[in-house]
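Okay, structure first, notes after.
The values are calculated or read from the model by the stated rules, or taken from the named source; none is laboratory data. None of the values given here were measured: they were computed from a predicted structure. Glycine gets a Cβ as well: all are built from the backbone with ideal geometry, and neighbour counts include every protein chain shown. Heads up: the accessible areas ignore ligands, DNA and RNA and are worked out on the full protein's heavy atoms, side chains in. Shrake-Rupley method; radii C 1.70, N 1.55, O 1.52, S 1.80 Å.
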Amino acid sequence: MKVNSLILENFRKFKKSNFEFSQSFNVITGKNGSGKTSILESIYILSTGKSFVTNHISNCITFGEEYSLISARFEENNHEEKMDFLLSHEKREIKYDGRKISRFSEVIGHFPVLVLNYTLLELVTGGPEKRRDFLNHTLIFTNPGYYKLLLRYYSLLDRRNYILRSDKHDKEVLMVLSEELVSIGSPIRQQRGALINDIQSLIDGVFFKISGEKSDIRIVYKPSPLEKLESLEVQEEERQKKKTLYGVHLDDIDVFFDGKDAREYSSIGEAYSLAFALRFVERELIKRKKGGIPVMLLDDFFVDLDEEKRENILKLVSGDQVFITTLSLSNLPSELVNYARVIVL
């Protein structure tokens with residue numbers, strides 16, 4: 001699926017703006033604060049219902065306005081579809097191909113988008129939540145039903161934590177919720193474990209395509225022991241600490257680079273290349289399992305790459321629809337600028 005056009009109304013700095021896009025490379029250039037990243041952010045919101053810039057999506061509404069509208073036309077298999085995302089401070093309304101959608105979960109996973117920006121390094125060097133987000137994002141776009149499992153799990157987790165924080169502890173309800181969490185968490189853990197195997201089978205080859213270097217990369221899944229939630233001894237400890245201490249919401253992965261823990265011992269350059277490799281493995285898995293190539297959002301990251309890695313990455317995405325933001329066209333290879341659609345803000 002590719003984005004043909006976009007309308008932004010009361011979105012960030014855009015009062016009302018229309019954009020037409022190429023199905024290959026789109027370069028968005030302008031000064032800091034001109035709205036380059038906001039265009040990418042709006043596309044990402046249509047894909048996931050979330051922003052990669054802020055945790056509070058209502059911050060996207062232009063200051064002083066009551067609502068924001070993102071409207072886009074997509075093309076898939078020579079058929080054009082339209083999606084409207086109306087956001088106010090009180091609610092969200094979504095229309096997909098003219099049909100009103102009551103919940104974003106009905107469309108999430110349909111339109112895959114990948115973001116590559118300055119935060120990519122955190123996938124290797126950051127906290128466990130960054131790597132869990134990576135696993136979840138990949139599975140949402142490759143495994144039908146995963147997102148609903150995840151929503152159900154976190155709903156149960158919220159209820160369980162509420163009981164643990166309350167003064168009155170209902171032991172029977174706590175045990176029922178624990179059993180349900182184990183039941184829902186088990187298939188989540190299974191799907192994550194299978195994903196790790198898929199990543200492992202591809203990571204060395206993708207890393208070589210990006211860096212030009214042969215390396216031994218190992219990805220190790222570290223699931224939190226889910227079954228401990230049913231232990232009465234653990235539940236007593238959780239009552240004292242007032243939170244759920246085990247479960248898939250605490251899973252992590254370790255990345256080893258040539259036998260060393262990449263988080264602790266890799267250089268910034270190595271960690272950056274590893275993070276790129278993980279993101280491009282995700283792209284390959286979505287392509288294989290979904291049958292379509294994700295839209296690639298490259299937010300002003302070319303300045304941090306040497307010329308060889310730039311060329312290698314551009315080769316990898318040569319058949320994709322790509323959006324690149326940059327302060328100056330001089331930061332990009334001239335041959336790319338010559339055939340890309342250039343949008344100046």
(message) Just to be sure I understand the filter: pairs with C-beta atoms under 9 Å, separated by 6 or more residues or on different chains, first member in the range 120-133 and farther than 14 Å from S273 by Cβ, second member surrounded by fewer than 17 Cβ atoms within 10 Å (Cβ to Cβ) and among the polar types (S, T, N, Q). Which pairs pass?
(response) G126/T119; K130/T119
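Do we find that V220 is out of contact with any Ser or Thr (no Cβ under 9 Å at 6 or more places or on another chain), surrounded by fewer than 18 Cβ atoms within 10 Å (Cβ to Cβ) and not basic (K, R) in this structure?
Yes; evaluated as a whole, the condition is true for this residue.
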(message) Out of Y265, Y272, I need the residue that is over 29 Å from L226 (Cβ atoms), surrounded by fewer than 21 Cβ atoms within 10 Å (Cβ to Cβ) and not aliphatic (A, V, I, L, M). Which one?
(response) Y265
(message) Need the failing condition index for V248 against (1) over 25 Å from I196 (Cα atoms); (2) touching a helix residue (DSSP H, G or I) at 6+ places or on another chain (Cβ under 7 Å), just the number.
(response) (1)
(request) Could you please find all residues in the range 286-311 being crowded, with 18+ Cβ neighbours inside 10 Å and over 25 Å from S38 (Cα atoms)? (result) K309
(message) Taking the conditions exactly as written (in contact (Cβ under 8 Å) with a residue 40 or more places away in the chain, buried (at least 22 other Cβ atoms within 10 Å of the Cβ), assigned to a helix (DSSP H, G or I) and touching a Ser or Thr at 6+ places or on another chain (Cβ under 7 Å)), does L229 satisfy them or not?
(response) yes
(request) Could you tell me which of the residues D320, D258 is open to solvent by less than 20 Å² (accessible area, probe 1.4 Å), modelled with pLDDT of 90 or more, among the charged types (D, E, K, R) and farther than 30 Å from L174 by Cα? (result) D320
(message) For the range 262-345, give me every one of the strands (runs of 3 or more DSSP E) that falls completely inside it and has 2 or more residues that are under 22 Å from the mean Cα position of the chain (by Cα) and within 26 Å of P144 (Cβ to Cβ).
(response) 295-299
(message) Take the conditions in a helix (DSSP H, G or I), under 27 Å from L150 (Cα atoms), open to solvent by 20 Å² or more (accessible area, probe 1.4 Å) and touching a helix residue (DSSP H, G or I) at 6+ places or on another chain (Cβ under 8 Å) and apply them to I199. Does it pass?
(response) no
(message) Can you tell me how many residues within the range 1-25 are within 25 Å of G109 (Cα to Cα) and out of contact with any Gly (no Cβ under 7 Å at 6 or more places or on another chain)?
(response) 16
(message) Conditions first: (1) open to solvent by 50 Å² or more (accessible area, probe 1.4 Å); (2) at pLDDT 95 or above. G185 passes all but one, so which condition is the exception?
(response) (1)
